[in-house]
Amino acid sequence: MHVFLQTLLDGLMLGGLYALAASGFSLIFGVMGILNLAHGAFLVLGAYVGLQISQSLSIEPILTLPAVVVVLFAAGALFQRYLVQLTVDRGGLVASLLVTFGVSLIIHDLLAHFYGPGSRTIVSSYAYSRIEFGGLVIGLSRLVPLVVSIVLILALHFMLARSRLGREMRAASQQIVAARLCGINVRRVFALTFGIASAYAGVAGVLVGTVLPFSPNSETYWTISAFVVVVLGGAKSPAGTLLGGLLLGILNTMTAQFISPLFTSTVMFLVLVLMLLVRPQGILGHAAGATR
Amino acid sequence: MTDVVELDIAHLRIAYGRVPAVWDVSLRVRSGEVVALLGSNGAGKSTTAKTVAGILPASGGEIRLAGQSILNRPSHEIVERGISLVPEGRLVFPEMTVLENLQLGASARRVASRIQQNLDYVFELFPRLGERSKQNAGSLSGGEQQMLAIGRGLMSSPRIIILDEPSLGLMPKLVLSLFDLIGKIRDAGVGVLLVEQNVFQSLNIADRAYVIQKGTLWREGAGDELLRDPEIRQAFLGM
Ligand SMILES: Nc1ncnc2c1ncn2[C@@H]1O[C@H](COP(=O)(O)OP(=O)(O)OP(=O)(O)O)[C@@H](O)[C@H]1O
Ligand SMILES: [Mg+2]
């Protein structure tokens with residue numbers, strides 16, 4: 001029982017990270033119907049930017065987040081405006097798959113060139129601090145990312161539900177022609193969507209880096225896990241993303257604990273296939289396919 | 001709102017890819033008048049409307065509003081300049097409330113300070129929308145969605161509003177009140193470009209009218225004048 005509870009707890013901690021890592025991917029898919037295959041690359045890029053800044057300035061990794069947000073926001077917005085939008089205009093959504101995939105390769109190669117292909121970690125001052133209660137152990141290095149993830153996902157939720165920009169994003173996703181007829185500058189909305197999504201990926205990258213090792217190759221894993229989270233939770237709401245992320249986290253730690261750490265990817269993929277067959281609209285019931 | 005502005009379309013040409021849909025259409029709409037745009041199915045009416053609104057690019061010709069070219073400008077800029085299109089098929093935001101739909105209609109910076117005033121005006125024109133302001137637009141009846149689409153189009157305080165088949169799917173009684181409403185919009189000083197299948201009623205209310213066929217201007221004149229035109233009666237009224 002104790003092992004089970006501890007595993008569950010570890011799963012929730014990890015799940016917060018999965019959720020945050022997927023929230024930008026989910027936002028882009030929900031608003032624009034684009035599967036951003038470069039999402040994992042932006043996440044890993046964020047991790048390296050955070051690593052670079054915290055090492056150069058010798059500051060706490062979490063203090064690099066504002067700078068990471070600025071850099072990744074700009075990168076994401078420019079990427080959308082000058083590459084993704086142009087390809088969607090000319091080649092449709094399928095072309096956007098190719099372009100985002102291509103950019104993920106480029107980011108991967110650049111990171112491998114500048115930082116080498118090996119694994120890195122970001123070490124925080126609280127890396128080895130832990131809280132214990134009732135025999136359960138919570139590492140601070142995992143609790144901090146969970147808390148930050150939940151706060152940021154809530155912020156995304158309120159941005160979408162209440163703010164003017166959020167309303168414009170929902171409008172563009174539901175009826176793009178009508179959005180344009182309302183006088184909404186849809187291109188601007190889309191660039192901001194990509195910017196915000198990439199900033200979220202960057203923050204997730206830094207947090208991931210304080211918990212797990214990462215390398216340029218990690219980008220594939222984070223793109224796929226974002227995909228799985230969206231399939232589990234649906235692409236329409238940050239709440240769905242949070243749920244999907246937590247589920248994936250629990251699934252992974254449970255598999256590692258009770259089956260074998262070797263099979264976490266296999267089980268993740270099996271669940272993905274199962275979900276697509278049984279409940280393609282996600283657990284919360286929002287049809288991902290209906291966003292377009 | 002006292003100054004008269006004019007939408008002036010000259011020799012407009014529009015193609016879908018390489019397939020031309022509109023060859024040569026010229027028409028003018030002034031604020032405070034109703035102008036009907038008629039033509040059989042596939043004549044190019046909606047295509048023309050979308051191009052004016054900046055949704056479709058033109059391949060030739062000129063479109064001016066108050067003397068300034070708006071040809072192939074982005075749609076949000078055209079709304080900002082005072083043109084609003086209520087599109088064919090309503091295109092409401094289905095998963096948003098009536099209120100949110102209307103607020104989105106006032107996205108133009110020009111009307112940022114007038115949102116509440118315009119909301120009051122729309123709810124006065126369509127009390128039904130006020131009663132259902134918290135309801136999702138997707139759950140409204142077809143006729144209510146049409147009212148919402150028109151209300152949303154009015155939220156940007158347009159100087160020229162284009163209504164693309166607003167009577168489609170409305171029951172006869174509602175069609176009558178729709179034409180009433182169009183009169184009210186005109187009396188508020190707005191220019192109305194009315195695309196309609198309801199030829200008789202449109203010509204009755206219109207100050208002037210244009211008829212296009214296969215993407216080319218075929219007839220133009222005062223509403224009552226065209227009503228008496230035997231060829232028009234033959235083509236559209238079957239008499
Ligand atoms: N998206 C499109 N792609 C290709 N051709 C199109 C497209 N939309 C319209 N057309 C063609 O352009 C021509 C004009 O269409 P349009 O919709 O403007 O007609 P309309 O006058 O509005 O007709 P209706 O009264 O049926 O609404 C038609 O021949 C139509 O087939
Ligand atoms: Mg039409």
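How are the alpha carbon pair distances in the protein assembly as shown distributed across 20 Å bins from zero to the largest one, expressed in percent?
Spelled out per bin, shortest first, that is 21, 43, 26, 10, 1.
Which residues belonging to the stretch B:82-125 lose at least 40 Å² of 1.4 Å-probe accessible area when the assembly is complete, relative to their chain isolated?
In the stretch B:82-125, residues shielded by partner chains: B:L91, B:F93, B:E95, B:M96, B:E100, B:L104, B:S107.
Among DSSP beta bridges whose residues both lie in the protein assembly as shown, state the antiparallel percentage, nearest 5.
60 percent
Compute the distance from the alpha-carbon center of the stretch B:192-239 to that of the stretch B:71-131, in whole Å.
28 Å
If amide H atoms are built 1.01 Å from N in the plane of the peptide, which residues on other chains or at least 5 residues away come under 5 Å of the amide H of B:R219?
Excluding prolines and chain starts, which carry no amide H, the hits are B:V211.
Give me the distance in nm between label points sitting 7 Å out from Cα along the Cα-to-Cβ direction at A:S125 and A:S260, one decimal.
In this crude spin-label approximation the distance works out to 4.3 nm.
Please list, in chain and number order, the residues 5+ apart from B:T97 or on another chain whose amide H is under 5 Å from its amide H, with Hs placed from the backbone.
The list, which skips near neighbours in sequence, is B:A137.
I need the phi-derived Karplus couplings for the stretch B:130-142: 6.51 cos²θ - 1.76 cosθ + 1.60, θ = phi - 60°, integer Hz, Gly and Pro marked x.
Residue by residue, the stretch B:130-142 yields x, 5, 10, 4, 8, 7, 5, 4, x, 9, 7, 5, x Hz.
Heavy atoms only, probe 1.4 Å: what % of the accessible area of the protein assembly as shown goes to carbon and sulfur, would you let me know?
It is 62 percent, rounded to a whole number.
Once amide H atoms are built 1.01 Å from N in the peptide plane, which residues 5 or more positions from B:V34, or in another chain, come under 5 Å H to H?
Here B:V192, B:D207, B:R208 satisfy the definition.
Rounded to whole Å, give me the distance from the Cα center of the stretch A:125-182 to that of the stretch A:98-122.
Answer, in whole Å: 26.
How many Å² of accessible area per residue for the stretch A:2-278, probe 1.4 Å?
Spelled out: the 1.4 Å probe surface of the stretch A:2-278, per residue, equals 41 Å².
Before anything else, pin down the relative contact order of chain B: Cα pairs under 8 Å, at least 6 apart, normalised by residue count, whole percent.
28 percent
With each label point set 7 Å from Cα along the Cα-Cβ vector, what nm distance links A:R188 and A:N217?
With each label point 7 Å from Cα toward Cβ, the separation is 4.5 nm.
Convert each backbone phi in the stretch B:15-21 into a coupling constant with the Karplus relation 6.51 cos²θ - 1.76 cosθ + 1.60 (shift: θ = phi - 60°), then list the ³J(HN,Hα) values in order as whole Hz, x for Gly and Pro.
With coefficients 6.51, -1.76 and 1.60, one gets 10, 8, x, 9, 8, x, 10 Hz.
Restricting to chain B, compute how many DSSP beta bridges are antiparallel as a %, nearest 5.
55 percent
If R0 is 56 Å, what FRET efficiency do you get for A:F114 and B:H11 from their C-beta distance, rounded to 0.05?
0.50
Taking the Cα of A:L105, stepping 7 Å toward and past its beta carbon, and measuring to each backbone N in the stretch A:217-250: which are under 15 Å?
A:220
Please state the relative contact order of the stretch A:2-278 as a whole percent: Cα pairs under 8 Å, 6+ residues apart?
For the stretch A:2-278, the relative contact order is 41 percent.
Accessible area per residue, 1.4 Å probe, Å², for chain B: what's the number?
Result: 43 Å² per residue.
What spacing in nm lies between the two simple spin-label points modelled at B:R228 and B:N136, each 7 Å away from Cα in the Cβ direction?
Placing both labels 7 Å beyond Cα along the Cβ direction yields 5.4 nm.
Within the stretch B:130-158, what residues put their amide N at less than 13 Å from the label point 7 Å along the Cα-to-Cβ vector of B:I115?
Those under the cut-off are B:156.
Highest GNM mean-square fluctuation, chain A, Cα pairs closer than 10 Å: which of A:A155, A:A204, A:A226?
A:A155
Can you give the helix-only mean residue ellipticity at 222 nm for chain B, where every DSSP H stretch with n ≥ 4 adds -39500 (n - 2.57) and the sum goes over all residues, rounded to the nearest 500 deg cm²/dmol?
-9500 deg cm²/dmol
Taking each full run of DSSP H in chain A as one helix, which ones are at least 18 Å long along their axis (Cα atoms) and have mean Kyte-Doolittle hydropathy of at least 0.5?
Taking the DSSP H segments of chain A (at least 18 Å long, mean hydropathy at least 0.5), we get A:2-32, A:39-57, A:65-79, A:85-115, A:140-162, A:186-211, A:218-233, A:238-258, A:264-278.
Kindly compute the accessible surface that chains B and A hide from a 1.4 Å probe when together, both sides summed, and give it to the nearest 100 Å².
1800 Å²
Restricting to DSSP H runs of at least four residues, report the calculated mean residue ellipticity at 222 nm for chain A, -39500 (n - 2.57) per run over all residues, nearest 500 deg cm²/dmol.
Per the formula, -25000 deg cm²/dmol.
When the Cα centres of the stretch A:33-61 and the stretch A:233-270 are compared, how far apart do they sit, in Å?
23 Å
The values are calculated or read from the model by the stated rules, or taken from the named source; none is laboratory data. Computed from a prediction, not measured in an experiment: that's the story for all the values here. Note that we place each Cβ from the backbone using ideal geometry, even for glycine, and neighbour counts take in every protein chain shown. Each accessible area value is taken on the protein alone, full model and side chains, heavy atoms only, with ligands, DNA and RNA left out. Shrake-Rupley method; radii C 1.70, N 1.55, O 1.52, S 1.80 Å.
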